[in-house]
Amino acid sequence: MIYTAAILMSLVGYFIIGNLAGRRVKNLDDYLVAGRNAPTLMILGTLVASYLSTSAFLGETGFAYQGYPFVMLIFAAISTSGCLLGALVFGRYLRRSEALTVPEFFGKRFASKRVQMIAGLTTVFGLGAYLLGVMQGAGIMFEELTGLPYWAGLVLVWLTYTGFILYSGSQGVVLTDTVMFVIFSIAAVGGSLYIISDLGGWSGVIEGLLAQSDKPGIALWHGVIEGEGATFSSPGEALIWGLTLGLVWATVLAASPWQASRYLMARNEHVVMRSAMLTAVVLAVFYALMMMTGAAINLYDPTLDGERAMVWAALNVLPSWLGIIILTGVFAAGLSSCSTFLSIIGFSLAHDILLSSRSQRSAMRASRIGVLGAGLVALLLALFQPPAVMAVVWFAATLFASSWGPVALMSIWSRRITAAGAGWGLGVGFVGNLILSLMVQAEWVSLPVYLHPVILSTLVALVAIVIVSRLTHVSQAESEYRAFLHRSPVENERSWAAVSRRVAGATMLAGVAVGAFLWWQYAGSLAALAGRYGVADSAVTGAYLLATGCGVMLVIAGAVGFRLVSARSTNVGGARMAKP
């Protein structure tokens, strides 16, 4: 009963907070991009909250529970680099455009309403699938915690986030995301530290995992590679999976609409860069703790359904007060993602697909109607589609890696890409990935791990962009707009740069700390126990390499950020180019 009350109180709280934020909505900029005045903490909060949904707390932690905690760390070390990649090579230019949505940016960059509409359509369909997955995760949690029907949880969740989005738009999303970010960060750290400490610390968990026989290899960097339920057949296959999907998700973090659109709300480009670096740090710490926790739950019960393992631990292992925090935190993660995705879908429906010009008042009304319509469709699908949280979310996210990734990066850095090439790239990457993924799901084709559908569809999209761009011409409007994007604003550059350099330095120090922690707690513990449990030298070496790699990725991110900020501050001067 106490868990039910906590969940219901949190729903009421988020609804109130979101609607209070609605009082600040005065115009379309306020409704769609939060007035472009969000500080670093709020952009950090909404970036992390948008990324860490129920898929991360239930699906990915469940994958760690099933036998692959350190494969997920390989994945995370690569994927979190996309935070900085997105800010430096796309996000800060996106902010510079002052577009209201990311599809509108594509429309302005290529002087093409057609490209804007194609990007809007991919947003609606792709994020619709993503929204479906995180809604199902919230419904599963509600059912587990309250004993009430799955459909009841879905309806209550839907009413909560749809209610405050309709009124407050992005103002409510950013504020509630930040509150939810604080709550589930406390939940993730507190719950992980309790479980790991209860089992004897990292060394105790590692020894327990080495001693158990239900999932042999779970404590090694490659995870379980033996037995009927093994996902991978060899260490090499596990490594390729981690690297491949890590690169895919790095692209997702760099260019997907739910991540990139957060930068449109930032106060300026320094807020974009700072929040991106801090997001990489937060995600690195989250994955290091939560993946180990997912694996550790096996020492309590190795027979659970993976996607329900974290909920089971909160109900049966943690003290009630901590269980309440972590469950409301996981619930908050799902709710924040739902609100983000639904708002983007609704805004894109009204602003990018229905392109007729309208007044501010009618545009806001159209956006609200879009939010309500998209939300109702998502609710109906979630009610009748069997839950598969991680599978649905990962499938939806990869659609944007293959379609938006190439076009987003080339829109900034290529002089040759044309409007026609961009349109074909968006369409071919999206549809190609969709068809290939469905064929694999239906077992019509079988692809090796290094030829994931997203890899093949990205290559096809790049080929389409190159061929079509060579057959068409870059217009003067396209060329001028790209030139505008590469003219940096310089107002108060040096004063902003001083703080940004400190954030970059903190990111590098965090990388050293994360690497040292994993070196000592994971690799060191495994090396000390290797002789007793017959662990191969190659597995120990792999553990040390994993620890080093996780730290080095953050150090590189901070160093690149520091270099860029320093270069900007020393090149201050010249007039800002007028917007075309």
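The values are calculated or read from the model by the stated rules, or taken from the named source; none is laboratory data. All values reported here derive from a predicted model rather than from experimental measurement. Cβ coordinates were reconstructed from backbone atoms using ideal geometry, including for glycine residues, and neighbour counts include every protein chain displayed.
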Some residue of the range 241-256 being farther than 18 Å from Ile74 by Cβ and out of contact with any Leu (no Cβ under 6 Å at 6 or more places or on another chain): yes
Test result for Arg494, within 30 Å of Arg416 (Cα to Cα), part of a helix (DSSP H, G or I) and touching a residue at least 12 places away in the same chain (Cβ under 8 Å): no
Filter result (modelled with pLDDT of 75 or more, within 29 Å of Thr458 (Cβ to Cβ) and not small (Gly, Ala, Ser)) within the range 344-400: Ile344, Ile345, Phe347, Leu349, His351, Asp352, Ile353, Val377, Leu381, Thr398, Leu399, Phe400
Filter pass, Val173 being surrounded by 24 or more Cβ atoms within 10 Å (Cβ to Cβ), touching a residue at least 40 places away in the same chain (Cβ under 8 Å) and of a type in the set (A, V, I, L, M): yes
All positions within the range 1-50 that are within 21 Å of Ser348 (Cα to Cα), of a type in the set (A, V, I, L, M, F, W, C) and in a helix (DSSP H, G or I): Leu28, Leu32, Val33, Ala34, Ile43, Leu47, Ala49
Candidate set from the range 441-487 (those that are among the aromatic types (Phe, Trp, Tyr) and out of contact with any helix residue (DSSP H, G or I) (no Cβ under 6 Å at 6 or more places or on another chain)); member that is surrounded by the most Cβ atoms within 10 Å (Cβ to Cβ): Phe484
Residue that is closer than 30 Å to Gly425 by Cα, at pLDDT below 90, out of contact with any strand residue (DSSP E or B) (no Cβ under 7 Å at 6 or more places or on another chain) and among the charged types (D, E, K, R), where the choices are Arg494, Arg487, Arg482, Arg576: Arg487
Any hit, the range 81-93, residues being in contact (Cβ under 8 Å) with a residue 24 or more places away in the chain, of a type in the set (S, T, N, Q) and either under 25 Å from Ile326 (Cα atoms) or touching a strand residue (DSSP E or B) at 6+ places or on another chain (Cβ under 7 Å) (or both): no
Residues within the range 51-65 that are under 14 Å from Phe331 (Cβ atoms) and in a helix (DSSP H, G or I), tallied: 5
Number of the condition not met by Leu283 [criteria: (1) buried (at least 24 other Cβ atoms within 10 Å of the Cβ); (2) within 29 Å of Ile345 (Cα to Cα); (3) aliphatic (A, V, I, L, M); (4) in contact with a Phe, Trp or Tyr (Cβ under 8 Å, 6 or more places away or on another chain)]: (1)
Test: residue in the range 191-202 that is over 25 Å from Gly137 (Cα atoms) and aliphatic (A, V, I, L, M): yes
Checklist (1) surrounded by fewer than 24 Cβ atoms within 10 Å (Cβ to Cβ); (2) in a helix (DSSP H, G or I) applied to Phe90, failing item: (1)
Ala333 being at pLDDT below 75, part of a helix (DSSP H, G or I) and surrounded by fewer than 24 Cβ atoms within 10 Å (Cβ to Cβ): no
Checking Val271 against (1) more than 26 Å from Gly505 (Cα to Cα); (2) surrounded by 24 or more Cβ atoms within 10 Å (Cβ to Cβ), the condition it does not meet: (1)
Single condition Glu226 does not satisfy, out of (1) of a type outside the set (A, V, I, L, M); (2) outside any helix (DSSP H, G or I); (3) buried (at least 19 other Cβ atoms within 10 Å of the Cβ): (3)
Qualifying residue in the range 146-166 (condition: aliphatic (A, V, I, L, M), closer than 23 Å to Arg36 by Cα and at pLDDT below 80): yes
Single unsatisfied condition, Ala530 versus (1) buried (at least 16 other Cβ atoms within 10 Å of the Cβ); (2) under 30 Å from the mean Cα position of the chain (by Cα); (3) without any contact (Cβ under 8 Å) to a residue 60 or more places away in the chain: (2)
Matching residues in the range 290-314 - criterion: being over 21 Å from Val182 (Cα atoms) and at pLDDT below 85: Asp305, Gly306, Glu307, Arg308
The lone exception for Leu304 - which of (1) assigned to a loop (DSSP other than H, G, I, E, B); (2) buried (at least 23 other Cβ atoms within 10 Å of the Cβ); (3) of a type in the set (A, V, I, L, M, F, W, C) it fails: (2)
